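Down below is the structure, laid out as structure tokens.
Throughout, read-outs are computed from the coordinates displayed, never taken from laboratory work. Every value quoted in this text rests on a predicted model; they were computed, and no experiment measured them. All Cβ positions, glycine included, derive from the backbone under ideal geometry; neighbour counts span all protein chains shown.
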Amino acid sequence: MKLFFNKFYLYIVCIFITGCKEHNTSKEEIAVFCAAGLYNVFTEISESFKNDRSITFNINLASSGTLARQIEQGIHPDIYISANMQWADYVDSLNICSLRKNLYKNTLVLIAPTNSTIKTISLTKHMDIASMFNGYIAMGDPAYVPAGKYAVESFKSLHIYNKIESQILPTKDVNSTLMLVEMEECELGVVYKSGAIKSDKVKIVGIFPEDIHEPIIFQALLLRDAGISAKMFYDFLTDSATFNIWTENGFSIIP
Amino acid sequence: MIISTDFEYSTDNFRLNSRCEIKNRITGVFGISGSGKTTFLNLLAGLQKPVSGKIIINDKTLVDTSVNINIPLHKRRIGYVFQDTRLFPHMNVLKNLTYAHKNPSLNQKILKETIDLLELGPYLKSMPGNISGGQAQRVAIGRALLSNAKILLLDEPFTALDKPLKKQVITFLNRIIEHLDIPIIVVSHELNDLLLLTQEIIIIQDGKTFQPKSYIDLIREKKLLELNGHGLNYHNIYSGEIIKTDKNNGISGVQIQNSPDVQLIVESDNIHLPVKSHVKISLRGADVSVALREITDISIKNQLGGTIETLYQHRNHLVCIVDCGIKVITRVTLDSGKKLGLKTGKKVWCLFKSLAIETFN
Amino acid sequence: MTFEYCSILSFLQISEAEWSVILLSVKVAVISTIISVPFAITFGWFMGRYRFRGKSVFEGIIHLPLVMPPVATGYLLLIVLGKQGFIGKLIFNWFGVQIAFTQTAAVIAAIVVSFPLITRSVRTSFEMVDIKLEAASRSLGISPLKTFFRISFPLAFSGILSGTILGFARCLGEFGATITFAGNISGKTSTIPMAVYSNMQIPGKESATIRLVIVSVIISLIAMIIAEYLNRKVIRKRS
């Protein structure tokens with residue numbers, strides 16, 4: 001029995017070691033931890049990258065924070081793409097990255113269900129936003145979802161935060177925000193332009209001026225152990241060949 | 001009329017037709033196991049419903065399928081003492097007894113009487129799991145009595161009990177029969193147990209209930225012969241009163257009820273009853289010898305003279321009822337019958353030892 | 001030594017905000033359990049005692065939240081009771097009340113996920129009660145309803161109790177359905193699991209997370225201990 005167990009144990013260990021080895025040496029796979037908001041862009045870019053190469057992508061999509069926590073716990077991808085400066089800084093501070101760069105930036109927009117009576121809302125100082133809707137305004141939880149954080153920041157700088165504070169419905173991520181507006185549970189929502197233009201059930205009714213909140217910059221970090229293919233993909237992310245993919249998905253170039 | 005039934009009940013593999021009228025206060029229901037005795041009680045109590053027909057108890061129509069009457073179980077006021085007692089395990093004996101009492105303070109007197117009658121005083125605080133089978137049976141009977149029932153149904157009240165406990169329960173039941181004026185139906189597959197409570201018997205056989213008849217009539221009409229060998233083991237059961245006791249010689253004299261001329265001598269060591277106590281005595285038919293004359297130089301103390309009123313052959317022996325002031329049922333072999341020349345109307349003596357008599361109080 | 005002691009104490013200090021989260025959690029769980037239990041008892045009783053056509057289908061539907069991902073349960077609730085949902089729409093049109101993303105929604109979500117758990121336990125404990133005892137009670141002239149309260153219920157009590165505690169704990173820990181259907185609105189629907197989840201998302205909030213986890217462990221333990229105590233009391237009474 002004991003002997004059998006020992007054999008079994010060694011067998012498991014062998015599988016584990018060979019599995020890891022494969023991952024480390026033959027760089028046919030690229031492991032990417034990518035902020036959830038970049039799903040569409042990432043798929044298109046990776047398809048275009050794969051074109052003439054035999055490469056598979058191991059992709060983990062989640063919020064920037066969740067991904068950062070996983071990295072902190074010792075699960076190391078080749079590339080980490082963050083939608084948020086703080087989390088990028090945090091991962092950078094772990095001393096496991098070799099390169100870091102800006103990708104593109106996103107725009108924060110105010111959305112409403114397509115059939116809503118609200119036409120446009122121009123976000124200006126001291127505007128009477130409260131009179132424009134009754135229900136909820138959905139946004140990522142400002143405590144930890146970057147989009148929500150930017151939204152609150154913007155409303156504060158427009159001095160209208162206290163007027164709508166009680167109507168804010170915090171969601172766990174931007175996709176939830178979008179879903180709730182699509183379902184007409186919320187009359188308004190704050191999402192990224194990249195997300196809003198993909199949905200035909202919502203319309204953009206307002207655009208947040210860029211000077212009233214921290215810039216929404218996507219950053220890529222290349223981890224130190226990453227192989228050559230990963231490095232090539234890291235470079236490819238800002239290659240001119242991908243420019244159209246970014247812009248068509250609602251992102252804009254950082255001046 | 002206490003009960004009148006005219007119904008048909010059937011399931012996939014069982015049928016029971018009943019058309020009978022019960023007039024006696026205490027009636028026994030006898031049949032072999034699986035004949036439908038419990039079903040009969042369940043139908044009376046309302047746990048099961050006949051396919052068609054009527055059940056009337058105490059002049060109240062409980063079931064009449066033709067006009068869609070079916071009084072539910074809890075409105076029938078029938079005290080049903082189940083074979084398995086079914087005491088409520090989360091209540092002590094007292095709570096079980098008073099379970100059906102709507103206003104306990106009003107009925108304190110009856111409660112006390114019942115507790116005394118069934119000698120339950122010492123166990124009132126005990127939980128059902130901690131009392132003996134006989135005690136549990138008594139609690140179940142008490143609980144049914146105190147439910148303000150208008151009729152008591154007892155399902156095999158003795159089967160789960162060993163002999164001393166059985167004797168005890170029979171004693172208590174006879175006390176109830178004596179003290180309370182409530183009609184009782186008792187079911188048993190042991191005819192001899194049943195006879196200690198009543199001589200009025202309904203037979204259930206072949207999916208039918210028969211009209212209640214007296215025990216003696218059932219024997220006369222050869223109704224008991226086919227019932228599971230019980231025909232071979234008739235008991236004689238008599239009620240009586242102790243008129244004298246002779247402690248030195250360990251015997252008592254019993255005056256048989258309604259038969260002023262008949263006195264029996266019984267062995268009194270294991271009854272210890274004072275004079276004037278009411279007793280039931282049981283005597284196996286096979287223990288009765290038949291002689292053509294009284295025999296003096298013999299240890300047999302009970303010798304009754306009488307006339308053979310019924311005599312018939314069953315297998316290789318004779319069933320014989322002798323009228324000696326009391327009816328004595330006896331069995332003799334064919335051979336003995338021939339030697340003695342037994343026939344109806346012949347004068348004979350019935351001999352039985354006092355030790356052959358079992359006494360119940 | 002004393003310094004360490006102090007730092008542990010201050011680490012364990014529960015903040016005002018955390019207190020309100022804890023109180024809210026307990027409130028939602030208590031309300032949900034109180035609403036759930038009578039229904040679960042009625043339901044468990046019928047399921048344990050009666051047979052009818054389509055029983056297994058019906059049962060399957062009730063038990064669905066037990067096997068479905070809670071987030072999916074929440075989504076279904078949103079579809080049914082949301083402003084555009086077929087029931088939610090009626091309610092919104094008639095009463096002008098929005099159910100989703102309110103405390104009511106948190107309670108509803110908790111009820112939906114805990115109900116099958118309680119029902120299951122209640123049902124099994126009723127099935128364990130001998131029907132013969134119920135028949136005996138009725139034969140003594142006690143109506144079926146009173147029989148239920150005097151015989152079936154007391155005999156099934158320990159099972160019902162443990163089901164209730166289980167349900168309460170489930171309410172307290174409910175996350176998926178709640179965050180989808182009721183959101184994470186602080187002071188309204190932000191319960192311990194929500195707060196733990198959001199704290200985990202924020203760098204430097206580890207201590208708050210640990211405190212809330214400790215508190216939820218303590219609450220669950222207390223509930224279990226109370227249940228065990230009551231249960232023992234019932235059993236002791238019986239023998």
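Some points to look at:
- Packing, taken as the mean count of other beta carbons within 10 Å per residue, orders the peptides B:164-171, C:21-28 from highest to lowest as C:21-28, B:164-171.
- Alpha carbon centroid spacing (whole Å) that separates the range C:93-122 from the range B:1-35: 55 Å
- Fewest-first ranking of C:Met128, B:Met127, C:Met194, C:Met68, using other Cβ atoms within 10 Å as the exposure measure: C:Met128, C:Met68, B:Met127, C:Met194
- Of the peptides C:217-229, A:66-78, A:148-160, B:137-149, the ranking by mean beta-carbon count within 10 Å, highest at the top, reads B:137-149, A:148-160, A:66-78, C:217-229.
- Whole-number percent relative contact order across the range A:108-207, with pairs defined as alpha carbons under 8 Å at least 6 apart: 47 percent
- Between the alpha-carbon centres of the range B:231-256 and the range C:152-183 there is a gap of 69 Å.
- Among the listed pairs B:Lys49/B:Lys150; B:Lys276/B:Lys353; B:Lys112/C:Lys233; B:Lys37/B:Lys150; A:Lys163/A:Lys193; B:Lys23/B:Lys109, a Cα-Cα separation exceeding 26 Å is found for B:Lys112/C:Lys233; B:Lys23/B:Lys109.
- Qualifying aspartates and glutamates (Cα of each under 20 Å from Cα of B:Lys247; at least 8 residues distant if same chain): B:Glu267, B:Asp269, B:Glu358
- Partner lysines whose Cα lies under 24 Å from the Cα of C:Lys89, excluding those fewer than 8 positions away in the same chain, are identified as A:Lys119, A:Lys201, A:Lys203, C:Lys188.
- Around B:Ser4: net Lys/Arg minus Asp/Glu count, Cβ-Cβ under 10 Å: 0
- For the range B:287-327, the list of trypsin sites (Lys or Arg not before Pro) that fall in a loop by DSSP and count at most 10 other C-beta atoms within 10 angstrom reads B:Arg293, B:Arg315.
- Peptides ranked, highest mean first, by Cβ atoms within 10 Å: ranges C:173-182, A:236-245, B:189-198: C:173-182, B:189-198, A:236-245
- Principal axis dimensions, largest first and in whole angstrom, of the range B:109-228 by Cα: 50, 29, 23
- The angle separating the long axis of helix B:108-117 from the principal Cα axis of greatest extent in chain B is about 30 degrees.
- Calculated on the alpha-carbon coordinates, the convex hull of the range A:60-212 measures out at 116 cubic angstrom per residue.
- For B:Leu334 and C:Thr42, the FRET efficiency from 1/(1 + (r/R0)^6), where r spans their Cβ atoms and R0 equals 60 Å, is about 0.25.
- Counting Cβ atoms of other protein chains within 10 Å of each residue's Cβ and taking the mean over peptide B:84-93 gives 5.
- Three semi-axes of the equivalent ellipsoid, chain A, Cα gyration tensor, whole Å, largest first: 40, 21, 17
- Relative to one another, the C-alpha centroids of the range B:73-122 and the range B:183-214 are positioned 26 Å apart.
- Residues of the range A:94-112 falling in the label zone of A:Asp225, defined by backbone nitrogen less than 18 Å from a point 7 Å along Cα to beta-carbon, are A:94-99.
- Based on C-alpha pairs under 8 angstrom that are at least 6 apart in sequence, chain B has a relative contact order of 15 percent.
- Whether the range C:119-161 is rounded, prolate or oblate, judged on the alpha carbon gyration tensor where a/c under 1.5 counts as rounded: prolate
- Candidates B:Pro50, B:Pro89, B:Pro157: whichever shows maximal mean-square fluctuation once chain B is modelled as a Gaussian network with Cα springs under 10 Å: B:Pro89
- Paramagnetic reach from B:Lys276 in the range B:237-256 [backbone N under 20 Å; point 7 Å along Cα→Cβ]: B:239-247, B:252-256
- Across peptide C:130-137, the mean count of Cβ atoms from other chains lying within 10 Å of each residue's own Cβ comes to 6.
- Shape category assigned to chain B from the gyration tensor of Cα positions, a/c cut at 1.5: oblate
- Cross-link partners of A:Lys198 among aspartates and glutamates (Cα-Cα below 13 Å; sequence separation of 8 or more within a chain): A:Glu182, A:Glu248
- Within a Gaussian network of chain B (alpha carbon springs, distance under 10 Å), most fluctuating of B:Thr344, B:Thr209, B:Thr38: B:Thr344
- Nitroxide proxy distance, nm - points 7 Å out along Cα→Cβ at C:Trp94 and B:Asp59: 5.5 nm
- Cβ-to-Cβ counts within 10 Å put B:Arg19, C:Arg51 in ascending order as C:Arg51, B:Arg19, the fewest first.
- Per-residue average of Cβ from other chains inside 10 Å of B:139-152: 1
- Over chain A, Cα pairs under 8 Å with separation of 6+ residues give a relative contact order of 28 percent.
- Across all Cα pairs in the range B:1-124, the calculated P(r) in 5 Å bins from zero up to the longest distance comes to 2, 9, 16, 18, 16, 14, 12, 8, 4, 0 percent per bin.
- Expected-Rg normalisation [2.2 N^0.38 Å, Cα atoms] applied to the range C:1-156: 1.46
- Cα shape, the protein assembly as shown, gyration tensor, a/c 1.5 rule: prolate
- Taking every DSSP bridge with both residues inside the protein assembly as shown, close to 75 percent are antiparallel.
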